[in-house]
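Peer 1: The structure's right below; bear with me while I get my questions together.
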Amino acid sequence: MDLVLSARMLLTEPLDLFKYSGAWYEVASYKGGFTNLECLDTRDLYEYNPDTDKVDVRKACRKLNRSISQVRGEMTCPVQKGFPVNCTLTFPDARYIPPVTYRILETDYESYALVEGGENKSYVQIFSRYPMPGLRFIEAKKQKLRDWGYDPDSLHITPVTVQTSSSTAV
């Protein structure tokens, strides 16, 4: 697909939750108040449910002690054209986590998504469909975040210790 055409689609088409569904691997992030070393092998699974018009979310990562940390939630997104899309992420089974803004800045659905959220943009993440997309991929996406007002040097690569497939747990 032509890059100019692709960019125009990102600006004019509504978010396609079916295409957004699937495994996303966090490959770099800035999380205010947290260090990236708290979680390794971070993966989110998104599954759009057209009956409820919500996205089921499963977030998981491996802790330094090798235990798995996971939480289930749901995401709701308004129907709107263009990016960013301001979704709301809630965790009904973990009521101590308040609803959080989950803002999809941009995505091509097939390889990357740039996401920010929390109060006062307290986090930003680069997601890939692959756990180890390579340093060139990560650096290119960091530069895209510059256009969204982020300092690329503030983002840190999320550690990956094992090559995981989209069908296996973290």
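Peer 1: Which shape class applies to region 78-157: rounded if a/c is under 1.5, otherwise prolate when a/b exceeds b/c and oblate if not, where a ≥ b ≥ c are the square roots of the Cα gyration tensor eigenvalues?
Peer 2: prolate
Peer 1: Continuing with the same structure: Could you sort L145, L17 by accessible area so the largest value comes first, with the probe set to 1.4 Å?
Peer 2: Heavy-atom accessible area, descending, gives L17, L145.
Peer 1: Quick one: what do you get for region 10-135 if you divide its Cα Rg by 2.2 N^0.38 Å? Don't skip to the end; give the middle numbers.
Peer 2: On the way: Rg = 14.1 Å, N = 126, 2.2 N^0.38 = 13.8 Å.
With N residues counted in region 10-135, Rg over 2.2 N^0.38 Å equals 1.02.
Peer 1: Something else about it: From the protein chains alone at 1.4 Å, what is the descending order of accessible area for Y109, Y102, largest first?
Peer 2: Details: Y109 35, Y102 0 Å².
Largest accessible area first, the residues go Y109, Y102.
The values are calculated or read from the model by the stated rules, or taken from the named source; none is laboratory data. Bear in mind the structure is a predicted one, so any value in this text is a computation, not a measurement. Calculation scope for accessible area: heavy atoms of the full protein, side chains included, ligands and nucleic acids excluded. Shrake-Rupley method; radii C 1.70, N 1.55, O 1.52, S 1.80 Å.
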